[in-house]
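Below: one structure, written as structure tokens.
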Amino acid sequence: MTTRPKLKVSYTVEAKQTRDELPVERQEMLDHAVKVLSRDPYHKTATASIGTNENYRKAYVAPGLMLEYTVVREVLVVVLLEIFDESRYLLDLEVDEEF
């Protein structure tokens, strides 16, 4: 197996702000996942392309954290960071219960 060179990582202003607002433990999870992505941004089972452009991708990087990113030249740019509240699911609600 050949080792791919690690890509430089950059964040959009919005993605960086979202990252910085996470608790430290979650920031560390995200940072680790982004390091892994920087070595293999096209991982076949852990990432998926968005639309027809193979360089625009998404990855579920940790519980409740999904990011969208693009690869431009030798840079992985985190475009969007979504945080999901995994404390409550629709399946846990009764049909008549309000949110």
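Bear in mind these aren't lab numbers, they're just calculated from the coordinates by the rules spelled out. Quantities reported herein were computed from a predicted structural model and do not represent experimental measurements. Glycine gets a Cβ as well: all are built from the backbone with ideal geometry, and neighbour counts include every protein chain shown.
In a shell of Cβ-Cβ distance under 10 Å around Val79, excluding Val79 itself, what net charge do Lys and Arg (+1) and Asp and Glu (-1) give?
Spelling it out: positives minus negatives among the neighbours equals 0.
How big is the range 8-85 by the Kirkwood estimate over distinct Cα pairs, in Å?
Values: mean 1/r = 0.0805 Å⁻¹.
About 12.4 Å, per the Kirkwood formula over Cα pairs.
Give me the net charge of Glu14's neighbourhood, meaning all other residues with Cβ under 13 Å from the Cβ of Glu14; Lys, Arg count +1, Asp, Glu -1.
Value of the local net charge: -2.
What does the extension gain come out to for Ile83 and Lys44, with contour length at 0.36 nm per residue minus their alpha carbon separation? Walk me through the numbers on the way to the answer.
Details: separation 39, 0.36 × 39 = 14.04 nm, distance 2.28 nm.
That pair, Ile83 and Lys44, stretches by 11.8 nm at full extension.
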